[in-house]
Amino acid sequence: MSRKTDRTKISLTDENSISLMKRVVGELVRPYTLRLVLAGFCMVLVAAATALSAWLMDPMVNKIFIEKDLSVLWLVAGAVVATFFVKSVATYAQEVMIGYVGQRVVADTQARLYRHLINLDLGLFQDRHSGTLISHFTFDINTMRNAVANALVGLGRDSLSVIFLVAVMFYQEWLLACITFVVAPLSAYPIRQLGKRMRRVSAQTQEEMGSMTTLLTQGFQGIRMIKSYGLEEHETGRVQQLVERIFGLNYKGIRVKAAPQPIIDFLGGVAVAAVILYGGARVIEGQTSAGAFFSFIAATLMAYQPLRALGKINTNLQEGLAAAQRVFALLDRQPTIRTAPEAKALPRAAGAVEFSNVRFSYASGDESEQGAALNDVSFEAPSGRVTALVGPSGAGKSTVFSMIPRFYDPGSGEVRVNGVDIRTVTLESLRDTLAIVSQDVVLFDDTVINNIRFGRLGASDEEVRAAARAAAADEFISALPNGYETVIGEQGTKLSGGQRQRLAIARAILKDAPILLLDEATSALDTESERQIQNALKDLMTGRTTLVIAHRLSTIQHADVIHVFDAGKVVESGTHEALLEKEGLYAHLHGLQFGPADTVVRAGQ
């Protein structure tokens, strides 16, 4: 249960901020251009209304407070009400539309990422913990949404507000406006540097959040073992260390995010002080009106808040781009096992399964004999017959089973079904001809009937029940609180091991595939259930090509042919009786299980 961060990290691409942002907008935001245009129009209204409210300070001061013109009083008051009404309605509309786009980005990206991942090679899921992958769907994508929403609002409403207010400032006093913006370039460099630092911190935080999800998933799934071995304090310590690392990174992120505001505040204060000194002197000397000056000051102060928001955009954007980089790194990963362009459908028939000089290694690029899981393996499982694969642990039997449905492709050699190289047929048709029952039963947190129906989604309730009866599962299912509608929990935790395995067998029976792959399908059953299952499997295997991985040799003594594996090679082949006469590895394994001392040592996989 050691933490393997080197296997869970996604290597980030080298794309810079601009190209990444273009990709986010092009792939995720572009479909909602119309809503963004409407939101942009609303932003223009908000910005214009904000600027107008600052300009209204001019007639308010000059006409009302200085000239005391009663006729202007009602006009200005009405203009203020109309301005704030337009601003309120436009603000609501743009926030709703931007919120819609942000949530659609989350939903679309999650659906796209899942669709992409589920079609990638099996190796990805073996090399990367599910908790790390889940973190991409939750933490990373939501961080992207926040960045997109903040960027759209900041680059839209806030920048437009600043532009309109600056226009008012230049209209009233262009010289004061120039003085005000002398200090603006001074803040650009530190804010840019802080954005780069935020991206690095955010990337590290996202990595650690993935590790946290992984660690929690492992702990919850292994809770029985943790309690059995008294590892509560040990696991708590591991989580505490990771929590502290995440706290440190988050705190560092808080400091980086907070830094732009005091910079803008201080420089803004310097600018306002300069305006007051110079502008106030001009008012005292009679070179400008008090209304124009107050209008200018109002525009300056009203521009302060959107300028602060714009100061945050870069750090927020870099945080989101770090998340986008991780998501795109997964989306850019392409499966190596795919249907060839000219592939044809494999007929759904019980053809022979053949391995011809197959060599395969799980370590990419390792073609040595020592590193090979399969080393020049050749054998045939005859059509419509039962073929058993036996041998000690690590001999390569499970690898053979993984190669038939093309979970992996051989480094060299061929795997053929009914005389056809399986790389030349469509994946869908190949896997449709196979039904697999593994000793590692996979069940979903769903009802019993739905777990069985995964074998054939269009099956009727009666067909599902018939499959359950054939798998000797109907009796215990009927005794469950809600029968076939009982929800069985994550990985079927509410069922015993034997019950879970019978559901998996029922699923395979329901699929009614012409080729069966049985990986010790009765290993978790009691003697009576095993006898019932063996009878059901005997009927099911009739007329089908069946490959069986056997731990207990008593279950495969009547197989038509037995292939004995050792160290990734087929070392013996023949019937049960013929192999015993050879007095080779098979006879040795048989003697261990049925020797005088009645020792039962399984020839594991």
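The values are calculated or read from the model by the stated rules, or taken from the named source; none is laboratory data. Quantities reported herein were computed from a predicted structural model and do not represent experimental measurements. No Cβ is skipped: glycine too gets one built from the backbone with ideal geometry, and neighbour counts run over all protein chains shown.
Quick look at the values:
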read-out	value
Inter-residue pairs, beta-carbon under 6 Å, first assigned by TED's automatic domain parsing to the domain that holds Ala298 and in segment 270-285, second outside any helix (DSSP H, G or I) and at pLDDT 70 or above, 6+ apart	Arg282/Thr288
Sole residue being of a type outside the set (A, V, I, L, M), in contact with a Phe, Trp or Tyr (Cβ under 7 Å, 6 or more places away or on another chain) and modelled with pLDDT of 80 or more, chosen from Gln103, Gln110, Gln172	Gln110
Ala472 assigned to a helix (DSSP H, G or I), crowded, with 19+ Cβ neighbours inside 10 Å and touching a residue at least 24 places away in the same chain (Cβ under 8 Å)	no
Residue in segment 574-596 that is farther than 30 Å from Arg359 by Cβ, hydroxyl-bearing (Ser, Thr, Tyr) and modelled with pLDDT of 75 or more present	no
Residues of segment 487-509 classified as crowded, with 18+ Cβ neighbours inside 10 Å and in contact with a strand residue (DSSP E or B) (Cβ under 9 Å, 6 or more places away or on another chain), total	7
Some residue of segment 286-295 being modelled with pLDDT of 75 or more, within 30 Å of Ala147 (Cα to Cα), among the polar types (S, T, N, Q) and in the same structural domain as Ala147 (by TED's automatic domain parsing)	no
Residues (of a type in the set (Gly, Ala, Ser) and more than 20 Å from Ala508 (Cβ to Cβ)) located in segment 536-583	Ser554, Ala567, Gly568, Ser573, Gly574, Ala578
Ala322 being modelled with pLDDT of 80 or more and outside any strand (DSSP E or B)	yes
Single unsatisfied condition, Ser88 versus (1) farther than 28 Å from Thr339 by Cβ; (2) surrounded by 14 or more Cβ atoms within 10 Å (Cβ to Cβ)	(2)
Test: residue in segment 326-349 that is acidic (Asp, Glu) and under 30 Å from Cys178 (Cα atoms)	no
Unique residue being surrounded by fewer than 17 Cβ atoms within 10 Å (Cβ to Cβ), closer than 21 Å to Leu540 by Cβ and not charged (D, E, K, R) when the list is Val386, Val442	Val442
Checking Ala603 against (1) buried (at least 17 other Cβ atoms within 10 Å of the Cβ); (2) in contact with a Leu (Cβ under 7 Å, 6 or more places away or on another chain); (3) at pLDDT 85 or above, the condition it does not meet	(3)
Scope segment 475-502; condition in contact (Cβ under 8 Å) with a residue 12 or more places away in the chain, over 30 Å from Ala352 (Cβ atoms), touching a helix residue (DSSP H, G or I) at 6+ places or on another chain (Cβ under 9 Å) and part of a helix (DSSP H, G or I); matching residues	Phe476, Ile477, Gly483, Tyr484, Glu485, Glu490, Gln491, Gly492, Gly498, Gln499, Arg500
Test: Arg456 is part of a loop (DSSP other than H, G, I, E, B), of a type outside the set (Val, Ile, Thr) and within 22 Å of Gln499 (Cβ to Cβ)	yes
Condition broken by Leu537, with the remaining ones in (1) closer than 22 Å to Pro382 by Cα; (2) surrounded by fewer than 21 Cβ atoms within 10 Å (Cβ to Cβ); (3) under 40 Å from the mean Cα position of the chain (by Cα); (4) modelled with pLDDT under 80 satisfied	(2)
